[in-house]
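Data first, discussion second: the structure below is written as structure tokens.
Values quoted throughout were computed directly from the atomic coordinates according to the rules given, and no laboratory measurement underlies them. Everything quoted here is computed from the prediction, not taken from an experiment. Virtual Cβ from ideal backbone geometry, glycine too; neighbours counted across all protein chains shown.
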Amino acid sequence: MTSRTPLMAGNWKMNLDHLQATQLVQKLDWSLKDAEHDYAAVEVAVLPPFTALRTVQTLVDGDKLSIRYGAQDLSPEDEGAYTGDVSGAFLAKLGCTYVAVGHSERREGHGESDELLNRKVQAAYRHGITPILCCGEGIDVRKEGKQVEHVLAQIEADLVGIPVEQVTSIVIAYEPIWAIGTGEVATPDDAQEVCGAIRGKLAELYDQATADGIRILYGGSVKSSNVAEIMSQTDVDGALVGGASLKPEEFAKICGFQ
Ligand code: PEP
């Protein structure tokens, strides 16, 4: 089986100004150094707000840190009269490795459709940025037992027209909405059920070797106390971490789950 390097990505959401961002990245770096973190074994990334990206870039470049970073969203367009939007071209100039696409707080809070998210995935690839494509079901869908079909429909729609050469680098984050920021973590079996089904769908849309190489993260109230059992699942290759990524020592522990 293809080996996949786990990725631990911290989604800061709308938290931390650029000064606080500097402190957090420095503390995270120190905590990871203390823990003798092996970045080749487990990749670490942070997703600050747009306003802190330049500062994080300066720190990472200046101190030659191994922590990667990315944005939480991007425009489907490259430039022009789109007030308030931020283009993938700008994010690429800021050295972003990743960009989150379709976080549930954007799907729900900003009415982002799968058609729009598909255009955002394409925009990310146009600028050489790896999308972290988020998917997940709300509590009503989960209660009906329709989580797998719901998530697979999202993935299929979001990846329309994305060629195999591009999709090999994508990161998918399965985040059940009922587990985000609620303290209610999905069981390892819940996470495996959907992450395994996503890999199956990727094999169907592309091929098995491609599906085996794609990293699928779990997100939803991940903490140092529950990360190990989540990571023990066959098809879980990392975590997208919200609240706990704002605490550098705790996030460093999450990164060292093994
Ligand atoms: C997230 O925002 O992607 C997330 C998973 O948040 P939390 O870890 O706080 O549930």
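A few points about this structure:
- Count of region 152-170 residues which are exposed (fewer than 13 other Cβ atoms within 10 Å of the Cβ) and small (Gly, Ala, Ser): 1
- Residue 97 β-branched (Val, Ile, Thr) and more than 28 Å from residue 179 (Cβ to Cβ): no
Matching residues to (1) aromatic (Phe, Trp, Tyr); (2) closer than 25 Å to residue 47 by Cα:
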{"residue": "175", "(1), (2)": "no, yes"}
{"residue": "186", "(1), (2)": "no, yes"}
{"residue": "190", "(1), (2)": "no, no"}
{"residue": "194", "(1), (2)": "no, yes"}
{"residue": "200", "(1), (2)": "no, no"}
{"residue": "206", "(1), (2)": "yes, no"}
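- Candidates are the residues of region 204-233 that are surrounded by 15 or more Cβ atoms within 10 Å (Cβ to Cβ) and free of Cβ contacts under 8 Å to residues at least 40 places away in the same chain; the one that is nearest to residue 3 (Cα to Cα) is 211.
- Out of 106, 68, one residue alone is among the charged types (D, E, K, R), more than 16 Å from the ligand (Cβ to nearest atom) and within 14 Å of the chain's Cα centre (by Cα). It is 68.
Matching residues to (1) in contact with a strand residue (DSSP E or B) (Cβ under 7 Å, 6 or more places away or on another chain); (2) of a type in the set (Phe, Trp, Tyr):
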position	(1), (2)
6	yes, no
16	no, no
22	no, no
25	yes, no
36	no, no
50	yes, yes
62	no, no
69	yes, yes
89	no, no
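- Contact annotation: residue pairs with Cβ atoms under 8 Å, 6 or more positions apart or on different chains, pairing a residue in region 4-26 that is within 16 Å of the ligand (Cβ to nearest atom) with a partner that is in a loop (DSSP other than H, G, I, E, B) and of a type in the set (S, T, N, Q), are 11/72; 12/72; 13/72.
- Residue 45 falls short of the stated requirement of being over 20 Å from residue 101 (Cα atoms) and in contact with a Gly (Cβ under 8 Å, 6 or more places away or on another chain).
- In region 98-113 there is no residue matching the filter, namely being under 22 Å from residue 229 (Cα atoms), touching a residue at least 24 places away in the same chain (Cβ under 8 Å) and in a helix (DSSP H, G or I).
- Of all the listed residues (64, 33, 93), the sole one being basic (Lys, Arg), closer than 18 Å to residue 124 by Cα and surrounded by fewer than 14 Cβ atoms within 10 Å (Cβ to Cβ) is 93.
- Test for residue 125: is it in a strand (DSSP E or B), touching a helix residue (DSSP H, G or I) at 6+ places or on another chain (Cβ under 7 Å) and more than 19 Å from residue 194 (Cβ to Cβ): no
- The residues in region 173-203 that are of a type in the set (Ser, Thr, Tyr) and surrounded by 15 or more Cβ atoms within 10 Å (Cβ to Cβ) can be counted, and the count is 1.
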